[in-house]
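The values are calculated or read from the model by the stated rules, or taken from the named source; none is laboratory data. Please read these numbers as outputs of a predicted model, since none were measured by experiment. Methodologically, a virtual Cβ is constructed for each residue, glycine included, from the backbone with ideal geometry; neighbour enumeration extends over all protein chains shown.
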């Protein structure tokens, strides 16, 4: 039983990180109907920023956290303005290809600048695992789950109660109508990207604490899995991303623990395929009909 | 010989010269194995890009798992040549075809679920499937698992003791397979099957409504692309001599996608040029290999921002058209008998005066809890013109969508020419005798006016894809037939001189006419027109009224018409149904409807009403 | 006109390709080909080999070269891909006319290239491909590193010497290196009477091993065998620490660079592994090598493939000097077969399978991540 609980906690840990990343995907998709392939690579940007700031500049941890978040937001906003904004009225296939291009560009630039040799993540907490009941839970695990949960609650409040949140919801419901109502859609969209990337920035720190090697391709697999999580929960729906992330994390950990680790990748893609086939709008999503 | 024929012959000769020169250079060793390796790799890359173009360019869907098909073909072919104990020259074609078929099977199995989705979702699901294929291959012991397969017979060594001669054979095999593949895709794209696929890309809803079985053709295109990728994979395996599952991951799919996008999705010539450049260039720039991927990704982004149609857009190089002309000349020369022109089969509907051609009984549909339409009883008699009017949101287009199978009714029955058509897919309903136009004009924009019409003849033609590829007499006789018919049709609408203009280049009014013309080309008994006068001025509206009357008499169709333009409705309809909040609130001749207080109230919300001939301006949405 | 543009492009392509095939043989240098993974995720290994080889070539040229001629090494990048490896090979052999090849570095790529090398019967020495079948039936292919089966066996024996009776294993099912080591290790454990209490596997590319490590922790082994490369090993050590799993870890040569990838160096004191070389080796040649490496590159030869690369160059150049002045392939091969030289990683002679007869270095780390030499495990 303890073993199972431990595996469950492992799943929650991984799932929380997926959820944080998935939130970025889902918010962006909700507002501009774009799968931002490059979102996972923002994680990598955050990680390398931490490497530079800590090892080369020797800055203290709290400063690094803030700067990492700012850097991720900067990247996200710049990418949005330069690569995605001009294509807002183009066919979707163009935006999708551009997003793939941006992701490739980020990864290969990183390869060029930082070399492919993995670097250690410079931040770590050398705190003994906490013992609760009969369970030993790592400090990082507790931190990750707690921080993610807090952020999700804050995000929900932001979207539901604040003016900015209202604008975001309006633009994602009806782009044109929102404009007609006087909402500055460009600012709102940029703001959405910024929030998504800020979450990814925090996610990169939590990720680095758990998996402390940094390489240029760090973001692609978690990015893909987080995207699947967003689709699973219902893309465009914020609680859906959270739910999807947790389910993905649990599915992955439990498959690795009890079935086969080979299969965990297949299970992940399998979940994606099953969801897309039977309920493409996701667990919490509503069916959208094409107007004929 | 006229100019066109001359240029074709020149082009064919150029192709042959290139082949002979290159193979001689290789067989004499002037081009060493390094160069011949590059040529072989280029040929295979071209095949992969061109096959991906069938899905991405022709069908218009982004597929991100294409390398998976290549790996299935590669492994299948390699396993076959490894286990068959016959001469390699015999084993290789068997292996290649088997590889292609295995990949095609995968394409079919994946396509069936995947093609139900569109756009982003389709892209992601194909990515998922591609990765699953890779994981499976990595874990099977028959494919060597993590170590992969090695010591596969190589074409550059198997055909002769002399490596140069064997390499020349390898080059020949790859070259001619590539040429056949390209020519097949090119000619198929210009046959009725290609037209069907392109029409799906342009406007899937309209294609389905014009009688194209869209699900079948999407699968067809996808499976065909997989088949070609499988053959390319088999050739790859026997060029390089060893396989590892990791080679065929997401990154490889992206490499080929880059080639297709940069060359121009939909342009075979573009794919050829960009593949050749993107394979050969890194070899020239070996010193800068780290920059290669950075440059590719930048190119991708810049292309999408500034030239999304790619290098060549959708245009083709005339060399490929030479295939057609050669075939024709060859047949003439060999004196092969030509078939007489085959006119498309024109179904005759067995109806007499005053019989009911379309009838609905208690038709209704609810979306969730909302009843969008309820208790609809409509009757349409032979050769009648009937109007369907009502305020915005009344459910008029919903009724059309029910009649054409876009929505499935949750209650009631639809009877067309005595046959219940509930549950039939749209294209089948079209085949059974209903055609429609749409509120927002749905034309196949990049096709010419004539081609838009030709799509409608699809269901009444018979020649197979093979006929389309080899351009045999079945193909030419049928194509000639529909060409005549299509032009006849255009003449009725005074559009025969714009036959070759791109559909989206027409002025608005003519686009409407084209849509109606295309609907008529489906040879329906019932024609549904959804707000045909939208956006027209009074003069155009008058012309439309004349056109509709002409249609009814010339083509003997019953017409059901949704309109807001009261002048048109009152002027042309013999009977009118009025719809409000999903129910029919009135039915009768124009006079009766005009004076019906309920109708007036529904439209204007007040008891006093003056002239019902007042033109109600066309609304933004219906 | 478009047509003209395309025709000129095709012509340019043909001209370009033909110009590349013009073989320009400088008469005054001995050309050797170097093939390795110089870019991409595994570049660290290729670059290490390159440094070792280049160091030796430089020393040799300073001492007069081979037969009075300078030695020139031409490097080509495989990016870790078999296809590129083959093209690189073709270019070096056909275009550049090299008389011998050092490399490739990765096992998979080496397999592909070895086929072609055997066709040409050109001498090829790989400093790092450890899979057994690479040299099977290939008289022209040699290696200066020990094999996976060999090192797995040595590690099992080391464990036995340490009194370990229960082990756990976690391996990567997607790479041949890891799987091969795992299989050989488990077999030897069976021979030695060591119980394998838990076996876990992970997919290639995974970063989260907590589930598997939790299972292993549950089985309470005295040591865990980790046939992985350094980057993943770093993750596993850290995650084990996170979940409170304390045990000894055993690894093979690929794990050596874990010290670069891990943040908490103190965890490395629990890690013991086998390697081809140690900077603390006490032979004179080894000491000289370490010093020269430090001077040229300003760093220690931390990846042992620098040493095996250096040795490959030693063997090849030694053989070439015997095959001078014509440097015919067959002569060089015969000379390599008869090699009996002192390399930096020990004495080098070859057995019937073209594998070197040498020992394994058993290594560990101190709490600052410095490598510590433990003992030599001899065959």
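Please work out if residue A:225 is assigned to a helix (DSSP H, G or I), crowded, with 24+ Cβ neighbours inside 10 Å and within 13 Å of the chain's Cα centre (by Cα).
Working: assigned to a helix (DSSP H, G or I): yes; crowded, with 24+ Cβ neighbours inside 10 Å: yes; within 13 Å of the chain's Cα centre (by Cα): yes.
Yes, satisfied.
Just a yes or no: is a residue in segment C:83-94 in contact with a helix residue (DSSP H, G or I) (Cβ under 7 Å, 6 or more places away or on another chain), outside any helix (DSSP H, G or I) and under 18 Å from residue C:50 (Cβ atoms)? Walk me through how you get there before you give the answer.
Here is the first cut: in segment C:83-94, the residues in contact with a helix residue (DSSP H, G or I) (Cβ under 7 Å, 6 or more places away or on another chain) are C:83, C:85-87, C:89-91, C:93-94.
Okay, now just the ones that are also outside any helix (DSSP H, G or I), so none.
Scanning segment C:83-94, I find no residue that is in contact with a helix residue (DSSP H, G or I) (Cβ under 7 Å, 6 or more places away or on another chain), outside any helix (DSSP H, G or I) and under 18 Å from residue C:50 (Cβ atoms), so the answer is no.
When you scan segment A:64-183 for helices (runs of 4 or more DSSP H) that lie fully inside it, which ones turn up with 2 or more residues that are within 14 Å of chain B (Cβ to nearest Cβ) and touching a strand residue (DSSP E or B) at 6+ places or on another chain (Cβ under 6 Å)?
Numbers: elements: A:92-114, A:139-161, A:163-173, A:175-180.
Helices (runs of 4 or more DSSP H) meeting the threshold: none at all.
If you check residue C:372 against the conditions, is it in a strand (DSSP E or B) and closer than 30 Å to residue A:54 by Cα? Walk me through it before giving the result.
Working: in a strand (DSSP E or B): yes; closer than 30 Å to residue A:54 by Cα: yes.
Spelling it out, residue C:372 is indeed in a strand (DSSP E or B) and closer than 30 Å to residue A:54 by Cα.
Every residue in segment C:332-363 that is in a helix (DSSP H, G or I) and either touching a residue at least 60 places away in the same chain (Cβ under 8 Å) or out of contact with any helix residue (DSSP H, G or I) (no Cβ under 7 Å at 6 or more places or on another chain) (or both), please.
Quick first cut of segment C:332-363, residues in a helix (DSSP H, G or I) only: C:332-337.
Of everything in segment C:332-363, those that are in a helix (DSSP H, G or I) and either touching a residue at least 60 places away in the same chain (Cβ under 8 Å) or out of contact with any helix residue (DSSP H, G or I) (no Cβ under 7 Å at 6 or more places or on another chain) (or both) turn out to be C:332, C:333, C:334, C:336, C:337.
Within the set of pairs 6 or more residues apart or between chains, which connect a residue that is at positive phi inside segment B:53-74 to a residue that is part of a helix (DSSP H, G or I) with Cβ atoms less than 7 Å apart?
B:60/B:201
What are the residues in segment C:33-64 that are more than 14 Å from chain A (Cβ to nearest Cβ), buried (at least 19 other Cβ atoms within 10 Å of the Cβ) and not in a helix (DSSP H, G or I), if any?
C:33, C:34, C:35
Residues that are without any contact (Cβ under 8 Å) to a residue 24 or more places away in the chain: list the strands (runs of 3 or more DSSP E) wholly contained in segment B:360-429 that include at least 1 such residues. Outline the logic, then answer.
Numbers: elements: B:370-381, B:385-389, B:411-416.
Result: B:370-381.
Find the residue count for segment B:156-201, including only residues that are within 30 Å of residue B:448 (Cβ to Cβ), assigned to a loop (DSSP other than H, G, I, E, B) and either within 11 Å of chain C (Cβ to nearest Cβ) or touching a helix residue (DSSP H, G or I) at 6+ places or on another chain (Cβ under 6 Å) (or both). Let's see the steps before the verdict.
Pass one, segment B:156-201, residues within 30 Å of residue B:448 (Cβ to Cβ): B:178-201.
Then keep just the ones that are assigned to a loop (DSSP other than H, G, I, E, B); that gives B:190-191.
Those still in the list that are either within 11 Å of chain C (Cβ to nearest Cβ) or touching a helix residue (DSSP H, G or I) at 6+ places or on another chain (Cβ under 6 Å) (or both) too: B:191.
Adding up the residues that qualify gives 1.
I'd like the full set of residues that are under 15 Å from residue B:576 (Cα atoms) and either surrounded by 18 or more Cβ atoms within 10 Å (Cβ to Cβ) or modelled with pLDDT under 85 (or both), limited to segment B:361-381. Can you show your working first?
First, the residues of segment B:361-381 that are under 15 Å from residue B:576 (Cα atoms): B:376-381.
The answer is B:376, B:378, B:380.
Pick from B:189, B:211: which is modelled with pLDDT under 90 and buried (at least 21 other Cβ atoms within 10 Å of the Cβ)? Write out each step before concluding.
Working: B:211 fails: modelled with pLDDT under 90.
The unique qualifying residue is B:189.
Can you confirm whether residue A:58 is surrounded by 24 or more Cβ atoms within 10 Å (Cβ to Cβ) and out of contact with any strand residue (DSSP E or B) (no Cβ under 8 Å at 6 or more places or on another chain)? Walk me through it before giving the result.
Values: surrounded by 24 or more Cβ atoms within 10 Å (Cβ to Cβ): no; out of contact with any strand residue (DSSP E or B) (no Cβ under 8 Å at 6 or more places or on another chain): yes.
Judged against the criteria, residue A:58 is not a match.
Grab the helices (runs of 4 or more DSSP H) fully contained in segment C:243-324, keeping just those with 1 or more residues being out of contact with any strand residue (DSSP E or B) (no Cβ under 9 Å at 6 or more places or on another chain). Walk me through it before giving the result.
On the way: elements: C:258-261, C:284-297, C:305-323.
By residue number, C:284-297, C:305-323.
Between A:225, A:279, A:256, which is more than 9 Å from every other protein chain (Cβ to nearest Cβ), closer than 16 Å to residue C:202 by Cβ and at pLDDT 80 or above?
On the way: A:279 fails: closer than 16 Å to residue C:202 by Cβ; A:256 fails: more than 9 Å from every other protein chain (Cβ to nearest Cβ).
Just a single option satisfies the conditions, and that option is A:225.
Within segment B:562-570, can one find any residue that is under 30 Å from residue B:454 (Cα atoms), assigned to a strand (DSSP E or B) and either in contact with a helix residue (DSSP H, G or I) (Cβ under 7 Å, 6 or more places away or on another chain) or at pLDDT 90 or above (or both)? Break it down into steps so the answer makes sense when it comes.
Filtering segment B:562-570 for residues under 30 Å from residue B:454 (Cα atoms) gives B:562-563, B:568.
Those still in the list that are assigned to a strand (DSSP E or B) too: B:562.
From what is left, the residues that are either in contact with a helix residue (DSSP H, G or I) (Cβ under 7 Å, 6 or more places away or on another chain) or at pLDDT 90 or above (or both) are B:562.
Yes, some residue in segment B:562-570 is under 30 Å from residue B:454 (Cα atoms), assigned to a strand (DSSP E or B) and either in contact with a helix residue (DSSP H, G or I) (Cβ under 7 Å, 6 or more places away or on another chain) or at pLDDT 90 or above (or both).
May I ask you to say which residue of A:81, A:92 is under 21 Å from residue A:237 (Cα atoms), more than 18 Å from the chain's Cα centre (by Cα) and in contact (Cβ under 8 Å) with a residue 12 or more places away in the chain? I'd like the intermediate steps shown before the answer.
On the way: A:81 fails: under 21 Å from residue A:237 (Cα atoms).
Just a single option satisfies the conditions, and that option is A:92.
Would you pick out the residues in segment B:56-67 that are under 13 Å from residue B:196 (Cα atoms) and within 13 Å of another protein chain (Cβ to nearest Cβ)?
Step one: list which residues in segment B:56-67 are under 13 Å from residue B:196 (Cα atoms), which gives B:58-60.
B:59, B:60, listed by residue number.
Looking at residue A:246, is it surrounded by 20 or more Cβ atoms within 10 Å (Cβ to Cβ), in contact (Cβ under 8 Å) with a residue 60 or more places away in the chain, more than 14 Å from chain C (Cβ to nearest Cβ) and in a helix (DSSP H, G or I)? Even if it seems obvious, please write down each step before you answer.
Working: surrounded by 20 or more Cβ atoms within 10 Å (Cβ to Cβ): yes; in contact (Cβ under 8 Å) with a residue 60 or more places away in the chain: yes; more than 14 Å from chain C (Cβ to nearest Cβ): yes; in a helix (DSSP H, G or I): yes.
When the stated conditions are applied, residue A:246 passes them.
Of all residues in segment B:236-267, which are more than 13 Å from chain C (Cβ to nearest Cβ) and assigned to a helix (DSSP H, G or I)?
B:253, B:254, B:256, B:257, B:258, B:259, B:260, B:261, B:262
Just one of B:96, B:105, B:109 is surrounded by fewer than 23 Cβ atoms within 10 Å (Cβ to Cβ), more than 14 Å from chain A (Cβ to nearest Cβ) and either at pLDDT 85 or above or closer than 18 Å to residue B:229 by Cβ (or both); which is it? Before you say what the answer is, go through the steps one by one.
On the way: B:96 fails: surrounded by fewer than 23 Cβ atoms within 10 Å (Cβ to Cβ); B:109 fails: more than 14 Å from chain A (Cβ to nearest Cβ).
Among B:96, B:105, B:109, only B:105 is surrounded by fewer than 23 Cβ atoms within 10 Å (Cβ to Cβ), more than 14 Å from chain A (Cβ to nearest Cβ) and either at pLDDT 85 or above or closer than 18 Å to residue B:229 by Cβ (or both).
Can you tell me how many residues within segment B:495-523 are in a helix (DSSP H, G or I) and either free of Cβ contacts under 8 Å to residues at least 24 places away in the same chain or touching a strand residue (DSSP E or B) at 6+ places or on another chain (Cβ under 6 Å) (or both)? Outline the logic, then answer.
Restricting attention to segment B:495-523, the residues satisfying the condition of being in a helix (DSSP H, G or I) are B:496-498, B:503-505, B:508-521.
Then keep just the ones that are either free of Cβ contacts under 8 Å to residues at least 24 places away in the same chain or touching a strand residue (DSSP E or B) at 6+ places or on another chain (Cβ under 6 Å) (or both); that gives B:496-497, B:505, B:510, B:519.
Residues that pass the stated criteria total 5.
Please verify whether residue B:103 is in the same structural domain as residue B:218 (by TED's automatic domain parsing), closer than 24 Å to residue B:198 by Cα and assigned to a loop (DSSP other than H, G, I, E, B), treating the condition exactly as stated. Let's see the steps before the verdict.
Details: in the same structural domain as residue B:218 (by TED's automatic domain parsing): yes; closer than 24 Å to residue B:198 by Cα: yes; assigned to a loop (DSSP other than H, G, I, E, B): no.
Taking the combined requirement at face value, the residue does not satisfy it.
For residue B:287, indicate whether it is away from chain A (no Cβ under 11 Å), modelled with pLDDT under 80, over 30 Å from residue B:166 (Cβ atoms) and surrounded by 22 or more Cβ atoms within 10 Å (Cβ to Cβ). Don't jump to the end; show me each part of the working.
Details: away from chain A (no Cβ under 11 Å): yes; modelled with pLDDT under 80: yes; over 30 Å from residue B:166 (Cβ atoms): yes; surrounded by 22 or more Cβ atoms within 10 Å (Cβ to Cβ): no.
Against the criterion (away from chain A (no Cβ under 11 Å), modelled with pLDDT under 80, over 30 Å from residue B:166 (Cβ atoms) and surrounded by 22 or more Cβ atoms within 10 Å (Cβ to Cβ)), residue B:287 does not qualify.
For residue A:14, only one of the following conditions fails: (1) under 17 Å from the mean Cα position of the chain (by Cα); (2) away from chain C (no Cβ under 14 Å); (3) assigned to a helix (DSSP H, G or I). What is its number?
The failed condition is (2).
When you scan segment B:146-155, do you find a residue that is part of a helix (DSSP H, G or I) and either crowded, with 24+ Cβ neighbours inside 10 Å or more than 14 Å from chain A (Cβ to nearest Cβ) (or both), even just one?
Filtering segment B:146-155 down to residues part of a helix (DSSP H, G or I) leaves B:155.
Filter again for either crowded, with 24+ Cβ neighbours inside 10 Å or more than 14 Å from chain A (Cβ to nearest Cβ) (or both), leaving B:155.
Scanning segment B:146-155 turns up at least one residue that is part of a helix (DSSP H, G or I) and either crowded, with 24+ Cβ neighbours inside 10 Å or more than 14 Å from chain A (Cβ to nearest Cβ) (or both).
Give, as residue ranges, the helices (runs of 4 or more DSSP H) completely inside segment C:101-207 that count at least 1 residues that are surrounded by fewer than 19 Cβ atoms within 10 Å (Cβ to Cβ) and not assigned by TED's automatic domain parsing to the domain that holds residue C:38.
Result: C:148-161, C:176-192.
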